[in-house]
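Reading through the structure tokens given below for one structure.
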Amino acid sequence: MNEKIQVASLSVLSNTFLTLSKVIIGLVTGSVSIMSEGIHSGIDMVAAFIALFAVRESGKPADSRHAYGHGKIENVSGTIEAVLIFAAAVMIIVEAIQKIYKIMNGVEGQVGDLGWGMVIMGVSAIMNLIVSTRLMRVAKQTDSVALEADALHLRTDVYTSAGVFSGLLMIQVTGWVILDPIIALGVALMIIKASFDLTKEAFAPLVDVSLPDEEREIIREVLRFHGDEFVEFHKLRTRKAGAERHVDLHLVVAKYASVIDVHELCDIIEKEINDKLQGTHVLIHAEPCVSRDEKCPVEEGLASSCQNCEVKTEGRGQSPEPR
């Protein structure tokens, strides 16, 4: 948690510096592409503050009002950041279109010295590459949606800053001022793409979407490994809240298995799932292989033991996959 807070704080500091630098240079030069980058960094600065708040809150333990913890705060944070990014892109598009209109009608036809603009774009690309790389590393280690969202923002800034740098250089060489708003439009389109990707990543857990196929397969592999110790499993459900995963399922066991044996089996399964998927909370509902009204094949002499019972070999236990 300390590392998450430290890297989130680093993002706040770097974005604050870049926002002020880009806005000041954009105002001095009159470059809409530099201003668009300043707006982008400003939104990223707000997003970094939100991410810092989210990682602080999500690390709090469960309480009486939040029995499942505070993990979804990170998903809320990511969704808000995606909306902010989209709003920034719209602002940039409006400003760029107005600039193109003015240039085409001769109202505005030049920008100031772009030397400092190229300098700040180069510095921005390098700083954001360093900070986003560290953010993504910690995000993957801690499975933090908020930090991953922040890292994606800054990684987008790396590409857009590099693009604006190239565009400013072309303007200096060719004198084609029209390139300035066109570059800004390109920046806006990249920002919209990042906003769309982030919305999918952050919003899905808020509506309790199941874990990815590869993670559900890991859970099934653990269950299949212990397949000879129970009859079958079904009603497997999964969801995610921030960095925490929640899994519950029904486990059908032999009718006369002792409570302590079933409990130990459930503990082993829960531990192995958590070892493979860190931060997973597993809830297993154990139930007997036949109900009170059904005749037990072992009692009827149709099977020598529960493990060889026809209920398992011919009935609902035929496949280890959930129903």
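The values are calculated or read from the model by the stated rules, or taken from the named source; none is laboratory data. These figures come from a predicted structure and were not determined experimentally. Backbone-built Cβ (ideal geometry, glycine too); neighbour counts: all protein chains shown. Remember, those area values only see protein heavy atoms, side chains included, never the ligands or the DNA or RNA. Shrake-Rupley method; radii C 1.70, N 1.55, O 1.52, S 1.80 Å.
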### Query
Looking at segment 167-193, which of the residues that are among the small types (Gly, Ala, Ser) and under 18 Å from ALA88 (Cβ atoms) is surrounded by the fewest Cβ atoms within 10 Å (Cβ to Cβ)?
GLY186
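Can you name the residue in segment 194-211 that is over 12 Å from ARG239 (Cβ atoms) and of a type outside the set (Gly, Ala, Ser) and is also surrounded by the most Cβ atoms within 10 Å (Cβ to Cβ) among such residues?
LEU198
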### Query
Of the numbered conditions (1) under 15 Å from the mean Cα position of the chain (by Cα); (2) open to solvent by less than 40 Å² (accessible area, probe 1.4 Å), GLY38 satisfies every one except a single condition; which is it?
(1)
### Query
Do the conditions hold for LEU265, that is, is it open to solvent by less than 90 Å² (accessible area, probe 1.4 Å), in contact with a helix residue (DSSP H, G or I) (Cβ under 9 Å, 6 or more places away or on another chain) and outside any strand (DSSP E or B)?
yes
### Query
What number of residues in segment 139-178 are farther than 20 Å from GLY71 by Cα and under 24 Å from the mean Cα position of the chain (by Cα)?
9
### Candidates ILE97, ILE126, ILE80, ILE130 - the one that is in contact (Cβ under 8 Å) with a residue 60 or more places away in the chain and either surrounded by fewer than 18 Cβ atoms within 10 Å (Cβ to Cβ) or assigned to a helix (DSSP H, G or I) (or both)
ILE97
### Message
Anything in segment 1-37 that is polar (S, T, N, Q) and in a helix (DSSP H, G or I)? List them, or say none.
### Response
ASN2, GLN6, SER9, SER11, SER14, ASN15, THR16, THR19, SER21, THR29, SER33, SER36
### Residues that are open to solvent by 40 Å² or more (accessible area, probe 1.4 Å) and more than 23 Å from SER58 (Cα to Cα), drawn from segment 238-249
none
### Message
Condition check: outside any helix (DSSP H, G or I) and either closer than 18 Å to LEU185 by Cα or in contact (Cβ under 8 Å) with a residue 40 or more places away in the chain (or both). Does HIS40 satisfy that?
### Response
no
#### Entry: Set LYS240, LYS255: member being within 30 Å of ILE73 (Cα to Cα) and outside the structural domain of GLY59 (by the TED database)
LYS240
### Task
Go through ILE284, ILE273, ILE260 for me and flag whichever is of a type outside the set (Gly, Ala, Ser), part of a helix (DSSP H, G or I) and surrounded by 14 or more Cβ atoms within 10 Å (Cβ to Cβ).
ILE273
#### Entry: Any pair with Cβ under 7 angstrom, 6 or more apart, that starts in segment 238-262 at a residue that is at positive phi and ends at one that is surrounded by 17 or more Cβ atoms within 10 Å (Cβ to Cβ)
GLY242/SER58; GLY242/GLY71; GLY242/LYS72; GLY242/ILE73; GLY242/GLU74; GLY242/ASN75; GLY242/VAL145
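Of the residues that make up segment 198-213, is at least one within 31 Å of the chain's Cα centre (by Cα), of a type in the set (S, T, N, Q) and outside any strand (DSSP E or B)?
yes
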### Query
Looking at SER9, is it closer than 26 Å to MET136 by Cβ and either surrounded by fewer than 19 Cβ atoms within 10 Å (Cβ to Cβ) or in the same structural domain as ILE182 (by the TED database) (or both)?
yes
### Query
If LYS255 passes every condition in (1) surrounded by fewer than 17 Cβ atoms within 10 Å (Cβ to Cβ); (2) part of a loop (DSSP other than H, G, I, E, B) but one, which one does it miss?
(1)
